[in-house]
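Okay, so here's the structure we're looking at.
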Amino acid sequence: MDADRDPGADRDEGEAPDERLIALDPESGTVDGDVGSSGRGLYWLLRKVVLGPTLRRLFRPIEEGVENVPTHGPAILAANHLSFADWIFMPLALNRRVTFVAKSDYFTGSGIKGAAQRTFFAGTGQVPIDRTGGRASEGALRSGLRILDSGGLFGIFPEGTRSHDGRLYKGRTGVARLALRSGVPVVPVALVGTDQIAPPGKLLRKITSPTVRFGEPLDFSRHAGRESDRMVLRAITDEIMYAILELSGQTYVDEYAPTAKEKARQEQIRAVQDWIEARRPRKAELDGPEESESSSPGEPSPGESSPDEPGPGPDSGDDATS
């Protein structure tokens, strides 16, 4: 892929913009290709001493297929995305460091929460994501390649965002570009039950044992040199997503997760509006009956003449025969 070419030109027609790999300096926002190589000491301190042992005792995660992850050398770990906890339990299963992409929001937040997020993600050498596209996306791809070129494990969630309903959504082709440019194997990963521990919007809801399941590595060397072919990128991405589906047992939705999430939000808004409308008092109920309750429709009130009957007068008599 030409470095001066807009990577967005390689997207499938109708495909949502990729959340591409972009290495940012948390302070300046500039591209930094070495961001993934920093923070190794803090990473292993958290992994081996501070968080790792406690999380293992508390949650007792189930780990399957760990032998499918290379013990050395580069590989891409492509996983489904159910929860914030996915960032924690996948690396916990391995004795190798995993570098993930992370939303740039985690590096630009304010206040105590923002500072804590910046410290954790930058300190462990995570790579933030920028959605702006253009040349920055090519710089981001180079940053991901540097991590793989250095022999590291690179974790990515092809869905681009957490699933809001537990289903598996259509993958974005950034993972295919990275696989073709790097030439390294892609290991599909299924995370099961992490949404029970920390569903979207919650830090912790339930103590349960999640499952981390690693599938057999996928080799895409047969497509080498075709990273500009949109059909090839789509086919590779779909193959990766199918492998994840086989491991996770989720229901697959052929739609991008952000699009489905927005549709669900709009449906919730409409449901609330319908609920409010159904319980709103009708105008007739507020105004009350128009006629007096003492008179039946079509009957004259006492002392009134019916339009069809003559009232008392000189022409009327009490005798019906007169």
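The values are calculated or read from the model by the stated rules, or taken from the named source; none is laboratory data. Only a predicted model underlies this, so the values are computations on that prediction, with no experimental measurement involved. Note: ideal-geometry Cβ built from the backbone for every residue, glycine included; neighbour counts use all protein chains shown.
Observations, loosely collected:
- Single unsatisfied condition, residue 184 versus (1) over 24 Å from the mean Cα position of the chain (by Cα); (2) in a helix (DSSP H, G or I); (3) hydrophobic (A, V, I, L, M, F, W, C): (2)
- Test result for residue 101, touching a strand residue (DSSP E or B) at 6+ places or on another chain (Cβ under 8 Å), among the β-branched types (Val, Ile, Thr) and at pLDDT below 80: yes
- Answer residue from region 158-177, given it is within 25 Å of residue 224 (Cβ to Cβ) and in contact with a strand residue (DSSP E or B) (Cβ under 6 Å, 6 or more places away or on another chain) and is surrounded by the fewest Cβ atoms within 10 Å (Cβ to Cβ) among those: 175
- The single condition from (1) at pLDDT 80 or above; (2) not in a helix (DSSP H, G or I) that residue 132 fails is (1).
- Boolean, residue 192 is under 23 Å from residue 73 (Cα atoms) and at pLDDT 95 or above: no
- The requirement of being outside any helix (DSSP H, G or I) and closer than 17 Å to residue 203 by Cα is not satisfied by residue 89.
- Scanning region 216-238 for residues that are of a type in the set (A, V, I, L, M) and within 19 Å of residue 74 (Cβ to Cβ) yields 218, 224, 236.
- Taking each residue of region 71-98 that is over 21 Å from residue 243 (Cβ atoms) and looking for partners that are β-branched (Val, Ile, Thr) and buried (at least 23 other Cβ atoms within 10 Å of the Cβ) with beta-carbon atoms closer than 6 Å, six or more apart or interchain, yields 85/194; 85/197.
- Of the residues making up region 206-231, those that are in contact with a helix residue (DSSP H, G or I) (Cβ under 7 Å, 6 or more places away or on another chain) and closer than 30 Å to residue 57 by Cβ are 206, 207, 208, 209, 210, 212, 213, 214, 215.
- All of 277, 291 fail the test of being over 25 Å from residue 212 (Cβ atoms) and modelled with pLDDT under 65, apart from 291.
- Test: residue 200 is in a loop (DSSP other than H, G, I, E, B), modelled with pLDDT under 90 and on the phi < 0 side of the Ramachandran plot: yes
- Any hit, region 59-70, residues being surrounded by fewer than 20 Cβ atoms within 10 Å (Cβ to Cβ), touching a Phe, Trp or Tyr at 6+ places or on another chain (Cβ under 6 Å), in a loop (DSSP other than H, G, I, E, B) and modelled with pLDDT under 70: no
- Unique match (being loosely packed, with under 14 Cβ neighbours inside 10 Å and either touching a residue at least 60 places away in the same chain (Cβ under 8 Å) or farther than 20 Å from residue 215 by Cβ (or both)) among 41, 52: 41
- Hits in region 140-178 (condition: in a helix (DSSP H, G or I), touching a Ser or Thr at 6+ places or on another chain (Cβ under 9 Å) and not basic (Lys, Arg)): 144, 145, 147, 148, 149, 174, 175, 176
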